[in-house]
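Q: My questions all concern the structure below.
Each reported figure results from applying straightforward, stated rules to the coordinates on display, with no laboratory input. All of these numbers come straight from a predicted model, not from anything done at the bench. FYI the Cβ positions are ideal-geometry reconstructions off the backbone, even for glycines, and counts take in every protein chain you see.
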Amino acid sequence: MTAQSRKAAIERKTSETEIQLEIDLDGKGRYTVDTGVPFFDHMLELFSKHSGIDLSLKARGDIEVDFHHTVEDVGICLGQAVEQAIGGGGGIRRYGQALLPMQEVLCQAALDICGRAYLVYHVKGLAHKVGQFDVELAKDFFQALASNAKITLHINLEYGENQHHIIEAIFKAVARALREAVEVIGDKTEIPSTKGVL
């Protein structure tokens, strides 16, 4: 990352997954996504679009076993990339929130770019799958994202019925909250904390 850019590139290779990921926090919400998990690809594409973060992602994992390793490891890589691209956090808004409606669903997301990883995930009443995608993997993804980006993230499903709508509203709400939080609104030498560091 240079002083003029807020970009990051992450590669991760394990016995279960192989991932190449690049982001630009100051992008236009452009994306190329290929994880081998179509519903997850869809969620990541709309995450990019609504966050305004350019995302290039190619992931290969042991999806013949299940999708867990791929989904979690993408969350790890995206979180690491976000942390790297933010750098010291000078001038950023730091906090972000979104209250997002999607037809019968209402979802709230709030986050703090603070250097302290924490996830609160109040999402109840989901069925087990959307198509072939296990909906419990959404929590695993956001846990990995929060832990590796070192952010505090709260996700609250207010209400909703359609499983696809619920998961999509969660991804969009987090994307919009992140877009707000990473916005540069002040002097890049000023850290938005009385401690002097995030």
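Q: Given an 8 Å cut-off on Cα distances and at least 6 residues of separation, report the relative contact order of the chain as a percent.
A: Value for the chain: 26 percent.
Q: Within the set of other residues whose C-beta is less than 12 Å from the C-beta of Ala59, count the net charge using Lys and Arg as +1 and Asp and Glu as -1.
A: -4
Q: A follow-up question, please. Quick check on the stretch 95-198: what does the Kirkwood estimate of hydrodynamic radius come out to from the alpha carbon pairs, in Å?
A: Taking every pair of different Cα atoms in the stretch 95-198, averaging 1/r and inverting gives 14.4 Å.
Q: Further, regarding this structure: Using a 10 Å cut-off around each Cβ, can you sort Ile191, Ile76 from fewest to most neighbouring Cβ atoms?
A: In order of increasing Cβ crowding within 10 Å: Ile191, Ile76.
Q: Where does helix 38-51 land angle-wise versus the long Cα axis of the chain, in degrees 0 to 90, nearest 10?
A: Here the helix axis deviates by roughly 30 degrees.
Q: Using only Cα atoms, locate the centre of the stretch 105-131 and the centre of the stretch 157-198, then give the distance between them in Å, rounded to an integer.
A: The stretch 105-131 and the stretch 157-198 have Cα centres separated by 11 Å.
Q: Put +1 on the Cβ of each Lys and Arg and -1 on the Cβ of each Asp and Glu in the chain; which of Ile170, Gly96, Leu55 then has its Cα farthest toward the positive end of the dipole?
A: Of the listed residues, the answer is Gly96.
Q: While we're on this one: What's the exposure ranking of Lys28, Lys139, Lys172, going from fewest to most Cβ atoms within 10 Å?
A: Taking fewest neighbouring Cβ atoms as first place, the list is Lys28, Lys139, Lys172.
Q: What FRET efficiency, computed as 1/(1 + (r/R0)^6) with R0 = 30 Å and r the Cβ-Cβ distance, is obtained for Lys58 and Ile185, rounded to the nearest 0.05?
A: It comes out at approximately 0.35.
Q: Picking from Ser51, Ser15, Ser147, which is most flexible by a Gaussian network model of the chain using Cα springs under 10 Å?
A: In this elastic network of the chain, the residue with the biggest mean-square fluctuation among Ser51, Ser15, Ser147 is Ser15.
Q: If you rank Val135, Val174 by fewest surrounding Cβ atoms within 10 Å, what's the result?
A: Ranked by crowding around the Cβ, least crowded first: Val135, Val174.
Q: Among the listed pairs Lys13/Lys139; Lys58/Lys129; Lys13/Lys188, which are separated by more than 31 Å between their Cα atoms?
A: Over 31 Å apart, Cα to Cα: Lys13/Lys188.
Q: Here's something else I'd like to know. On alpha carbon coordinates alone, what is the Rg over Rh value for the stretch 7-181, Rh being the Kirkwood radius?
A: Ratio value, two decimals: 0.94.
Q: Of all DSSP beta bridges in the chain, what percent run antiparallel (nearest 5)?
A: 80 percent
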